[in-house]
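Below is one structure; the comments refer to it alone.
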Amino acid sequence: MNSPAAVNPQLRFSPATIFQNPRRIRIRSIRLPHHLDESSSCCTISTLTSSANSKRIESQHHGYRVRSSSHLLRKPRVSSDDAQPSVPFYESEVSEPSFLEFITSERVKVVAMVALALALCNADRVVMSVAVVPLSQSRGWSQSFAGVVQSSFLWGYLISPIAGGTLVDYYGGKVVMACGVALWSMATFLTPWAAENSLWALLSMRALLGVAEGVALPCMNNMIARWFPQTERSRAVGLAMAGFQLGSAIGLTLSPILMSQGGVGGPFIIFGLSGFLWVLVWVSATSSTPERSPQISKYELQYIQSKRKKSIKAETSQTKSTKIIPPFRRLLSKLPTWSLIIANSMHSWGFFVILSWMPIYFKTIYHVDLRQAAWFSAVPWSMMALVGYFAGVFSDNLIQSGMTVTLTRKIMQSIGFIGPGFALIGLIMAKSPVVASAWLTLAVGLKSFSHCGFLVNLQEIAPQYSGVLHGMSNTAGTLAAIIGTVGAGFFVELVGSFQGFLLLTSFLYFSAALFWNIYSTGERVNFDEAT
């Protein structure tokens, strides 16, 4: 059987040429000899077509084998523009990365930087949970007013997530995150100065901290949606939120030590300067999308693209074409949106009540000193960071095994709400600080499963509006957190017991889990038309 080259010596395509652009091969360019009759021409053309296709496929597989064996030895660079590779890759053609390849990939470096930003975010906000005790003693604040001071952070946090989420959808996560970290680091750094001058200055700095930190989670969602395929997003969120929870542990553990060495303002200054350093590294070492990264390997870029249902270019153009004023009425007309809002509200209620009041809880109920109270409060957040990653891996494995995305999200969210609900009941009945800390650790650890529920679900029901959806649900969650944080202080003063408030929180967890299981979905929702 004659090859294409034998039939027409002028037709020469190297394997590299075919691999780089197979569309350059055109059968009509083959010239058959005149002595072949019409009947044999049909047969020969069919044979040549099969031969050309076989050669193209063989060349592609040869190129893939060479790339697969050599991508660990050297990482070729790609262009910084948004152009797609000339050859589309499909899921069957790009092998799954090993664990070593995953943890050393560029996308994990990006999510590690996001996790560090979230650690600073939470450390900056929890410092006041420890500092409020000596500040209350020196200034004669009541418990209810101490709750007002702590909730001042939430005043700013209430107004910024929607605007921040809209900016993230429009400008991307890298720029907005850099601006946010710089602003909240400045507010943290200036808090000691504000506390010495006036109460209003202190409240203003805490409110400014909330305004800046309102963009953190929408930016996290945006970066993960751009850098990770759906089959890896749960573990990516687990890694990022692990940094968020470790920030609580770091802030609660280091703050008493730094205060003993540098006064009440010590931890504010240290964490503020750390934020400025993070911004310098973030701006110089990360990219907003994989195709803009000068460090990413061709293998990793092709793997990310092969796992996406739509190309990065389509997602990027869709994001950039999103209107600066999103369709709020249509977004609020769907019940899956309300399932997200209810879930975020309950998550924030429990999170901020535990975060703000546990040091005081251990001090007043079990008479543990401040340093030990910070330790009892920090252990649960460390457990949450650890459990959160494994919950993400478990969630991704469920989807990869064939379980629907909707059922997976419902399972994870149910564990994240029903588990803490029962654990808080156990906390109420605890007779010693060690047992109480164990129940609290269980509650906060199981709470991390909700990160693989509503937090990932934002990207799935509306990827083009994930930022503003996160902002809307965050605003509702912040309002719930304000009510919970301030309400806990007034509840303790009026009733004289913190256990009743924990019982109320447990009941709200069960109710939110029920609403989620009825109305949530893992499928994309059509927000182009209102119901």
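Taken over region 494-531, the criterion of being of a type in the set (S, T, N, Q), modelled with pLDDT of 95 or more and either open to solvent by less than 30 Å² (accessible area, probe 1.4 Å) or in contact with a Ser or Thr (Cβ under 9 Å, 6 or more places away or on another chain) (or both) is satisfied by 517 alone.
Report yes if some residue within region 103-120 is part of a helix (DSSP H, G or I) and polar (S, T, N, Q); otherwise report no. No, region 103-120 contains no residue that is part of a helix (DSSP H, G or I) and polar (S, T, N, Q).
Residues in region 451-492 that are open to solvent by less than 10 Å² (accessible area, probe 1.4 Å) and closer than 26 Å to residue 365 by Cβ: 481, 484, 485, 488, 489.
Looking only at region 113-135, decide whether some residue is open to solvent by less than 10 Å² (accessible area, probe 1.4 Å), farther than 29 Å from residue 194 by Cα and among the small types (Gly, Ala, Ser). No, there is no match, as no residue in region 113-135 is open to solvent by less than 10 Å² (accessible area, probe 1.4 Å), farther than 29 Å from residue 194 by Cα and among the small types (Gly, Ala, Ser). Determine, yes or no, whether residue 447 is touching a helix residue (DSSP H, G or I) at 6+ places or on another chain (Cβ under 7 Å), basic (Lys, Arg) and either open to solvent by less than 10 Å² (accessible area, probe 1.4 Å) or not in a helix (DSSP H, G or I) (or both). Considered against the rule, which asks whether it is touching a helix residue (DSSP H, G or I) at 6+ places or on another chain (Cβ under 7 Å), basic (Lys, Arg) and either open to solvent by less than 10 Å² (accessible area, probe 1.4 Å) or not in a helix (DSSP H, G or I) (or both), residue 447 comes out as yes. Just one of the numbered conditions (1) more than 17 Å from residue 104 (Cβ to Cβ); (2) modelled with pLDDT of 85 or more; (3) open to solvent by 30 Å² or more (accessible area, probe 1.4 Å) is not true of residue 279: (3). The set of residues in region 192-209 being of a type in the set (Gly, Ala, Ser) and more than 25 Å from residue 161 (Cα to Cα) consists of 195, 198. Within region 246-258, the presence of a residue that is more than 30 Å from residue 447 (Cβ to Cβ), open to solvent by less than 20 Å² (accessible area, probe 1.4 Å) and in contact (Cβ under 8 Å) with a residue 40 or more places away in the chain is excluded.
I need every pair where a residue in region 164-182 that is open to solvent by less than 10 Å² (accessible area, probe 1.4 Å) has its Cβ under 9 Å from the Cβ of a residue that is modelled with pLDDT of 85 or more and aromatic (Phe, Trp, Tyr), sequence separation at least 6 or different chains. Every condition considered, the pairs that remain are 177/282; 181/276; 181/278; 181/282. When restricted to residues that are of a type in the set (D, E, K, R) and under 20 Å from residue 481 (Cα atoms), region 187-234 contains 2. For region 403-422, the criterion of a residue being buried (at least 17 other Cβ atoms within 10 Å of the Cβ), without any contact (Cβ under 8 Å) to a residue 12 or more places away in the chain, within 30 Å of residue 369 (Cα to Cα) and not aromatic (Phe, Trp, Tyr) is satisfied by no position.
The values are calculated or read from the model by the stated rules, or taken from the named source; none is laboratory data. What you are looking at is a predicted structure, and each value in this text was computed from that prediction instead of being measured. Positions of Cβ are generated from backbone atoms using ideal geometry, with glycine treated the same way; all protein chains shown enter the neighbour counts. These area figures cover heavy atoms from the full protein model, side chains too; ligands, DNA and RNA do not enter into them. Shrake-Rupley method; radii C 1.70, N 1.55, O 1.52, S 1.80 Å.
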